[in-house]
Amino acid sequence: MICPRKGLCSNNKIFILLVADKLSHHYIKFCIFAVQFLRMEMDLLIPDKVHDESRQGEALLLEPVVGKNNGRKLYIESYGCAMNFSDSEIVASILADSGFETTSDFNNADVVFINTCSIRENAEVRVRNRLKEFAGAKFKNPGMVVGVLGCMAERLKAKFLEEEKLVDVVVGPDAYRDLPNLIEQVDGGQRAVNVLLSREETYADISPVRLNSNGINAFVSIMRGCDNMCSFCVVPFTRGRERSRDAVSIVAECTDLFNQGYREVTLLGQNVDSYKWKKPHPALSKGEGSEEVKGSEVLSFGEDLGEAPIVNFANLLEMVALVGPELRVRFSTSHPKDITDEVLYTIAKYDNICNYIHLPVQSGNSRILELMNRTYDRDWYINRIDAIRRIIPECAISTDMITGFCTETDEEHNDSVSMMDYVKYDFAYMFKYSERPGTLAAKRYADDIPEVVKQARLAEIVAKQQQYSFYRMQARLGRVEKVLIEGFSKKSNNDYCGRSDQNAMVIFPVTEGYKPGQYANVLVERTTSATLIGRIID
Ligand code: 5AD
Ligand code: SF4
């Protein structure tokens, strides 16, 4: 699958023209080949649930909180990863509590918020363009409060207020509880900024509202921030130090979702394998928050932990899996340096923990991995892949790959290609390196790979991945997949769609007796490179 995340498809169409202008005949032939693949793929994209392109810019709508109406309307739209979308739910929840109603039309809003992403330059360009569109609404309604939230707010801080004159309030990801005060400050005629990062904030006590959801899949944030300092990445600067959320509140939230009818939770964190939470003394069952999970199996599991003072990611996965066998558990993102055999054995042990691991490699070359400060090398990564294949033979694996990182040679790029040949990933999200101000790479290394070379390397791995996605899909032909039905397929109300355990999108005719939220056994009869197509069998 090609990258469904950052609008790469449309970018790719443009870059092929540039490449064709400048490169050798050999490359031109290769690029035409890549374009054919991209065209083929365009209407077959699987939305990546962690960074879903189809949700970029989506506005959040909530039921008003009875008795709390302050007569003002909030419009909030989100960009970037699932963590940002999940944060917008927290923001909406905080403001609903102060009496705000939500609207889907920013022209009618009193407060307009845009929750932003900084991971690559094009994500920021997109937000700047959107702010220009808000300017017209603010011109008509000068009392409107416009706010920038999230990673761009954190990266640019008060500078944003100078650069974008229409912005009144700038709020970083750890300061959302302060929003009601900040809005008051703006009402009083000032502009307001709070970009303080916290070592503790996890918003564990705020139950996020989920009204844009299908009532079947939900994201549950288990940690915030990142301590890894990959040299290309802006996240440690925008989201601060890593901290894990209270395991009891996570299990309570998953239990609550299950009781409401949800059948899949995706546990979210920048690096879930380093999840670590200290159990309150003396015992979980008597600790804070135990009320909410009373009666669930988790409590007895917590007690079974006995003297163990720490809940690690493998323990947490098990605790969530025990909420109920009908609740599917997914997670993202894993880190090759931290993923343990214990986690793999836990996945293998529980049928409801999905056989799917997103394990970003970023590069297949050890020198580049060192420059990226990924803290593992090629052999280590291969060892982790071998462990997954050994412990969970049916596991699907996806990755993130960056092309054209500083000083990357053709041979080093070929190591990334050969890593793809070794793993034969089910999916891959592929990016050209985009220098981000303030990161270690921006400070230490020149962004010296010409754009045209970055693009050609990207086209090469996109085409390669296309072959392997197709190969992986073909391997499912004739097999029966357990699919969680999510709703009608995008193209027809005569078909349902849902995901297999391995996260492949499956399309099959609507069948009497089956409805969204239920599991179905689907015999796979055809495939594309992104979708399995079949029919329900008993
Ligand atoms: N340039 C290109 N890709 C990046 N990513 C993160 N930072 C950059 C950057 N500066 C990619 C990595 C990461 C994914 C979420 O985004 O592959 O895993
Ligand atoms: Fe960024 Fe690396 Fe942390 Fe992922 S693990 S968020 S790439 S610093």
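Each reported figure results from applying straightforward, stated rules to the coordinates on display, with no laboratory input. Since we're looking at a predicted model, the values are computed, not measured. Using ideal geometry, Cβ is built from the backbone for each residue, glycine included, and neighbour counts are taken over all protein chains shown.
Key figures
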read-out: Anisotropy class of the range 393-472 from Cα gyration tensor, a/c 1.5 cut; value: prolate
read-out: Ranked packing of 107-117, 197-207, most packed first, by mean Cβ within 10 Å; value: 107-117, 197-207
read-out: Test item: Cα-centred dipole of the range 63-178, Lys/Arg +1 and Asp/Glu -1 on Cβ, debye; value: 340
read-out: Karplus (6.51, -1.76, 1.60) ³J(HN,Hα), θ = phi - 60°, over the range 256-272, in Hz, Gly and Pro reported as x; value: 4, 4, 4, 5, 7, x, 5, 10, 8, 10, 10, 7, 10, x, 5, 8, 4
read-out: Other-chain or far-sequence residues with amide H under 5 Å of Phe219's (modelled H); value: Thr266
read-out: Computed magnitude of the charge dipole of the range 425-525 (debye, nearest 20; Cβ of K, R +1, Cβ of D, E -1); value: 200
read-out: Interchain or long-range residues, amide H under 5 Å from His358's placed H; value: Ser334, Ser398
read-out: Relative contact order computed over the range 382-518 (Cα-Cα under 8 Å; 6+ residues apart), in percent; value: 20
read-out: Over 30 Å (Cα to Cα) - which of Lys337/Lys424; Lys454/Lys490; Lys279/Lys337; Lys159/Lys443; Lys73/Lys165; Lys337/Lys454 fall in this group; value: Lys454/Lys490
read-out: Pairs from Lys349/Lys515; Lys132/Lys432; Lys464/Lys491; Lys157/Lys432; Lys276/Lys491 whose Cα-Cα separation, in the structure shown, is over 31 Å; value: Lys276/Lys491
read-out: Charge-dipole axis of the range 233-275 as Lys and Arg at +1 and Asp and Glu at -1 on Cβ define it, positive-most pick from Ala252, Gly240, Tyr275; value: Gly240
read-out: Size of charge dipole - the range 119-194 - debye, nearest 20, with Cβ of Lys, Arg +1 and Asp, Glu -1, no other charges; value: 300
